[in-house]
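In what follows, a single structure is set out as structure tokens and then discussed.
The values are calculated or read from the model by the stated rules, or taken from the named source; none is laboratory data. Bear in mind the structure is a predicted one, so any value in this text is a computation, not a measurement. Cβ placement follows ideal geometry from the backbone for every residue including glycine, while neighbour counts extend to all protein chains displayed. Note: accessible area is taken over every heavy atom of the protein model, side chains too, but ligands, DNA and RNA are not part of it. Shrake-Rupley method; radii C 1.70, N 1.55, O 1.52, S 1.80 Å.
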Amino acid sequence: MNGLWGTLVGLLSLWMAACCFCGYKRRFVAFLAVLFVGLAANLCWMVFGLDARLLEVNVLIAQASAVLYAVCAFAIGLFLGRIRRKWLESRVEGS
């Protein structure tokens, strides 16, 4: 894997971690901001870096898959946050 691919995979991982963190902390507006920044970066990469047309089928499919990735990461964060909250609520206090 060369440097470009490593950078793209790293940025995707960072973006998905940010989506997951927004779900974990239940920050819906922050998730929308992270989602739109990621979609804009993805679109800029495809249009300017790969010289694709804006409404090309492959661009639309890539954008739709990015939305699905982000929503799944957000849902995982929500789930993990819920598990943590319920775990803390079920804690037995010593006397």
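What percent do you get for the relative contact order of the chain when only Cα pairs under 8 Å and 6+ apart count? Walk me through the numbers on the way to the answer.
Working: 67 pairs, mean separation 39.0, N = 95.
Computed over the chain, the figure is 41 percent.
Among Gly10, Val71, Leu54, which residue has its Cα furthest toward the positive end of the charge dipole of the chain, with +1 on Lys/Arg Cβ and -1 on Asp/Glu Cβ?
In the chain, that residue is Val71.
With the other protein chains left in place, how much accessible area per residue, in square angstrom, belongs to the chain at a 1.4 angstrom probe?
Computed with neighbouring chains in place, this is 75 Å² per residue.
Placing unit charges on C-beta atoms (Lys and Arg positive, Asp and Glu negative, everything else neutral), compute the dipole magnitude of the stretch 4-95 about its Cα centre in debye, rounded to 20.
500 debye
With θ taken as phi - 60° and the coefficients 6.51, -1.76 and 1.60, list the Karplus ³J(HN,Hα) couplings across the stretch 82-95 in order, rounded to whole Hz; mark glycine and proline as x.
5, 4, 5, 5, 5, 4, 5, 5, 8, 5, 9, 7, x, 9
Could you give me D for the chain, from Stokes-Einstein at 25 °C and 0.890 mPa s, where the hydrodynamic radius is the Kirkwood radius over C-alpha pairs? Units µm² s⁻¹, please.
Answer from the Stokes-Einstein relation: 164 µm²/s.
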